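Structure provided below as structure tokens; questions to follow.
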Amino acid sequence: MKKMTKEQKHEQCVREIRGTLIVTAICCAWHVITAFALNGTGLYFIGMPAWFSVSVFGTIIIALLGIWYLMKKVFVDFDYDDEDACERGEEA
Amino acid sequence: MSSQQIILVILIAYLVANVLIGVLYAKKRDAQSALSEEKRYFIGGRGMSGFLLAMTTMATYTSVSSFVSGPGAAGMTYGYAQVWIAAVQVPVTFLVLGVLGNKLALVSRRTGAVTVVGYLKARYKSDALVIATSLLLVSFFIAQMIAQFTGGATLVQSVTGIDYKLSLLIFALVVVAYTAVGGFTAVVVTDAIQGIVMCVGTFLFLLFVLKAGGGLAGIDAGLQANLPGTYSDLFAKYKPGTLLSFWILVGFGTLGLPQTAVRAMGFKNTKSLHSAMWIGAICCSFVIVGMHLAGAWAGALVDGAELPTSDYFIPYIVHKIMPPRIAGIFLAAPMAAVMSTADSLLILASAAIVRDLWKEFVVRNDPEKIKKYEKNVGLASIFVTTMLGLVTVFLALDPPNIIFFLNLFAMGGLECSFFWPLVGGLFWKKGTKQAAVASSIGAAASYVLCYYFVKVAGINAVVWGLLIGGIIYFAVGQATSKNGLDPDVLEKCF
């Protein structure tokens, strides 16, 4: 569990939000572009219309790969000790 | 025993188990918490593990629409297009937890906030914002609760044959009982049970539909016969603008939903957050896409034209293809989806009235009144939660035709009211109280107006509401931030 200052925690939060939004935007782009492009082609993939199966199952795979990347490279463990102490202090 | 009686016994056992586990676990956990009674009741003492956080976020988000209305609409009318729309929700849990998680966890501890409105109060120091957002929250939550209570009662009615009004009373009694007595901890622990039940139910439904349809080839042939020209065409029933709007309404816009955002104030540490993002993404994808996919495939089994609405489609199919014992276990899943959303809405609406309105505007800083408040907050919360439950039951006696649309309408309203003050306030230092009040009221009003009067290319009103809300938030923030933020806000919120 990493110890961080208040400013470092804020910067870390901003990194995490940026990473999460980029992964979600990639999921969105794949989901929309593949479905719109393949609809009407008459192609089938794993027993269902390809616009549907490529788009939906691809989005799930991209989302899981994205979380794996975020956990490896972007998110870090840090403690909430100062904040917990602040809350308990105010309650006391 | 008849099949209806078997299903009824399983459902009653399930409902009673929820009440008992919820209340007993809440009492045990809350006794161990070092925080005040108010924080234990409304935020569970900030002690949620990763598993509980994932399950409660998913279970709150997956509602009657995910288990009954959406899959029913897929099977009866829209085919694969409805499943495609549902898949927009695949990233929802990790989006909400990844964007709001750590920041809200830190700020809510520094400010002592236990509700989203409480956070807004600490961030903007505006009474007008507290009143506006609390009232908007309670109004839209009641609309969403009507949808959930109606869905729960319709489900009990269609599988047991009991009269709708009695079904409504049974459903309401169970949800109100464990929510009122056990508070947030009971909501979270029952959500976890309900999340597991939903995963099991989805698996069973997929399995039985595939078997009854004769595999994917048989299902495809059945869909060609029952939904010709519709099931395999994305644009047969939906315009491109409508389809894209869903990425705002049930995708990015969910960042503004107070019922999911409040979960980010209740978990233990960053490890809990990270495991919740994994578990939530996997379970949410499986349950939402799995249920809608099975619903669409079930369209191959029967032509549901004789059913009154698509809300009756899933219970009807279940009766047709599952043996009674399995049907009883499966039907606990949609019941779980409905209960887990209804309880979360109920506890938050109660928190808005007790914590955000009563404490802020009646108790204020009077030491005598604070003493009384701290002594009575538990009982007052139970009373308010029960009263809200009764109001919702009364309004749900004459139910709307299609639950799906009422739920989506209220969801859009909540997103417009909260999105910019909540998300903007966490990261933009120029976001002032004037910007937050103007954006919240402006976006909600534009949403309602656009819902009725603006029809452009099938685009949902939530897109206009959020767009107008964003413009107001940034324009007013830029114009009113010349003196900078209050030093206390800068210290605690950034």
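Go through B:V354, B:V338, B:V318 for me and flag whichever is open to solvent by less than 10 Å² (accessible area, probe 1.4 Å), assigned to a helix (DSSP H, G or I) and either closer than 18 Å to B:S3 by Cβ or of a type in the set (D, E, K, R) (or both). Give the steps one after another, and end with the answer.
On the way: B:V354 fails: either closer than 18 Å to B:S3 by Cβ or of a type in the set (D, E, K, R) (or both); B:V338 fails: either closer than 18 Å to B:S3 by Cβ or of a type in the set (D, E, K, R) (or both).
Exactly one residue qualifies, and that residue is B:V318.
Sticking with this one: Condition first: touching an Asp or Glu at 6+ places or on another chain (Cβ under 7 Å) and either among the charged types (D, E, K, R) or under 11 Å from B:A436 (Cβ atoms) (or both). Now tell me which residues in segment B:122-137 satisfy that.
Within segment B:122-137, the subset touching an Asp or Glu at 6+ places or on another chain (Cβ under 7 Å) is B:125, B:130, B:134.
Passing the criteria: B:K125, B:V130.
Return the total of residues in segment B:216-232 being assigned to a loop (DSSP other than H, G, I, E, B) and open to solvent by 50 Å² or more (accessible area, probe 1.4 Å). Spell out how you get there, then give the answer.
Quick first cut of segment B:216-232, residues assigned to a loop (DSSP other than H, G, I, E, B) only: B:227-232.
With the extra rule that they be open to solvent by 50 Å² or more (accessible area, probe 1.4 Å), the set shrinks to B:228-229.
Of the residues in segment B:216-232, 2 are assigned to a loop (DSSP other than H, G, I, E, B) and open to solvent by 50 Å² or more (accessible area, probe 1.4 Å).
How many of the residues in segment B:160-180 are within 14 Å of B:S344 (Cα to Cα) and open to solvent by 10 Å² or more (accessible area, probe 1.4 Å)? Spell out how you get there, then give the answer.
Step one: list which residues in segment B:160-180 are within 14 Å of B:S344 (Cα to Cα), which gives B:172, B:174-180.
With the extra rule that they be open to solvent by 10 Å² or more (accessible area, probe 1.4 Å), the set shrinks to B:174, B:176-177.
Final tally of qualifying residues: 3.
Residue-wise test of (1) closer than 30 Å to A:D82 by Cβ; (2) not β-branched (V, I, T).
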position: B:M265; (1), (2): yes, yes
position: B:A296; (1), (2): no, yes
position: B:L307; (1), (2): no, yes
position: B:F330; (1), (2): no, yes
position: B:V338; (1), (2): no, no
position: B:S350; (1), (2): no, yes
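Based on what the data block shows, is A:I46 more than 21 Å from the chain's Cα centre (by Cα) and open to solvent by 10 Å² or more (accessible area, probe 1.4 Å)? Steps first, please.
Details: more than 21 Å from the chain's Cα centre (by Cα): yes; open to solvent by 10 Å² or more (accessible area, probe 1.4 Å): yes.
The answer is yes for A:I46.
Has segment A:73-83 got any residue that is over 25 Å from B:L234 (Cβ atoms), charged (D, E, K, R), surrounded by 16 or more Cβ atoms within 10 Å (Cβ to Cβ) and at the interface with another protein chain (Cβ under 8 Å from one of its Cβ atoms)?
Yes: one or more hits.
Out of all the residues in segment B:181-210, which are surrounded by fewer than 21 Cβ atoms within 10 Å (Cβ to Cβ), in contact (Cβ under 8 Å) with a residue 12 or more places away in the chain and away from chain A (no Cβ under 14 Å)? It would help to see each step written out before you state the result.
First, the residues of segment B:181-210 that are surrounded by fewer than 21 Cβ atoms within 10 Å (Cβ to Cβ): B:181, B:196, B:199-200, B:203-204, B:206-207, B:210.
With the extra rule that they be in contact (Cβ under 8 Å) with a residue 12 or more places away in the chain, the set shrinks to B:181, B:196, B:199-200, B:203-204, B:206, B:210.
Matches in segment B:181-210: B:V181, B:I196, B:C199, B:V200, B:F203, B:L204.
To continue, here is another question. In the list B:A212, B:A186, which residue meets the criterion of being modelled with pLDDT under 85 and of a type in the set (A, V, I, L, M, F, W, C)?
Details: B:A212 fails: modelled with pLDDT under 85.
From the options B:A212, B:A186, the qualifying one is B:A186.
Can we say B:G213 is over 13 Å from B:M55 (Cα atoms) and within 14 Å of chain A (Cβ to nearest Cβ)? Talk me through it step by step, then tell me what you get.
Values: over 13 Å from B:M55 (Cα atoms): yes; within 14 Å of chain A (Cβ to nearest Cβ): yes.
Answer is yes for this residue.
Which number in (1) surrounded by 15 or more Cβ atoms within 10 Å (Cβ to Cβ); (2) within 9 Å of chain B (Cβ to nearest Cβ) marks the one condition that A:V54 misses?
Of (1) surrounded by 15 or more Cβ atoms within 10 Å (Cβ to Cβ); (2) within 9 Å of chain B (Cβ to nearest Cβ), only one is false for A:V54: (2).
Given the criterion crowded, with 21+ Cβ neighbours inside 10 Å, of a type in the set (A, V, I, L, M) and at pLDDT below 80, identify the matching residue among B:A26, B:A31, B:A59. Step through it out loud before you land on a result.
Values: B:A31 fails: crowded, with 21+ Cβ neighbours inside 10 Å; B:A59 fails: at pLDDT below 80.
Result: B:A26 is the single residue among B:A26, B:A31, B:A59 that is crowded, with 21+ Cβ neighbours inside 10 Å, of a type in the set (A, V, I, L, M) and at pLDDT below 80.
Can I ask one more? Taking the condition of being facing chain B (nearest Cβ under 10 Å) and closer than 28 Å to A:V54 by Cα, how many residues in segment A:1-28 meet it?
The number of residues fulfilling the criteria is 11.
Quickly run through segment B:107-120 and pick out the residues that are surrounded by fewer than 24 Cβ atoms within 10 Å (Cβ to Cβ) and in contact with an Asp or Glu (Cβ under 7 Å, 6 or more places away or on another chain).
Passing the criteria: B:R109, B:R110, B:G112.
Could you check, for segment B:74-89, whether at least one of its residues is buried (at least 24 other Cβ atoms within 10 Å of the Cβ), over 21 Å from B:W420 (Cα atoms) and away from chain A (no Cβ under 14 Å)?
yes
Return the only residue of B:G213, B:G152 being surrounded by 24 or more Cβ atoms within 10 Å (Cβ to Cβ), of a type outside the set (S, T, N, Q) and touching a residue at least 24 places away in the same chain (Cβ under 8 Å).
Values: B:G213 fails: surrounded by 24 or more Cβ atoms within 10 Å (Cβ to Cβ).
Going through B:G213, B:G152 in turn, just one is surrounded by 24 or more Cβ atoms within 10 Å (Cβ to Cβ), of a type outside the set (S, T, N, Q) and touching a residue at least 24 places away in the same chain (Cβ under 8 Å): B:G152.
Does any residue of segment A:62-69 turn out to be at positive phi and surrounded by fewer than 19 Cβ atoms within 10 Å (Cβ to Cβ)?
Kept after step one, since they are at positive phi, are these residues of segment A:62-69: none.
For segment A:62-69, residues at positive phi and surrounded by fewer than 19 Cβ atoms within 10 Å (Cβ to Cβ): absent.
For segment B:165-176, does any single residue satisfy the condition of being within 30 Å of B:K320 (Cα to Cα), of a type in the set (S, T, N, Q) and part of a helix (DSSP H, G or I)? Write out each step before concluding.
Of the residues in segment B:165-176, the ones within 30 Å of B:K320 (Cα to Cα) are B:165-175.
This time we only want the ones that are of a type in the set (S, T, N, Q), so: B:167.
From the residues that got through so far, the ones that are part of a helix (DSSP H, G or I) too are B:167.
Looking through segment B:165-176, at least one residue is within 30 Å of B:K320 (Cα to Cα), of a type in the set (S, T, N, Q) and part of a helix (DSSP H, G or I).
The values are calculated or read from the model by the stated rules, or taken from the named source; none is laboratory data. Remember, predicted model here, so these are calculated numbers, not experimental data. Using ideal geometry, Cβ is built from the backbone for each residue, glycine included, and neighbour counts are taken over all protein chains shown. Just so you know, the surface numbers come from the protein's heavy atoms only, side chains and all, with ligands and any DNA or RNA stripped out. Shrake-Rupley method; radii C 1.70, N 1.55, O 1.52, S 1.80 Å.
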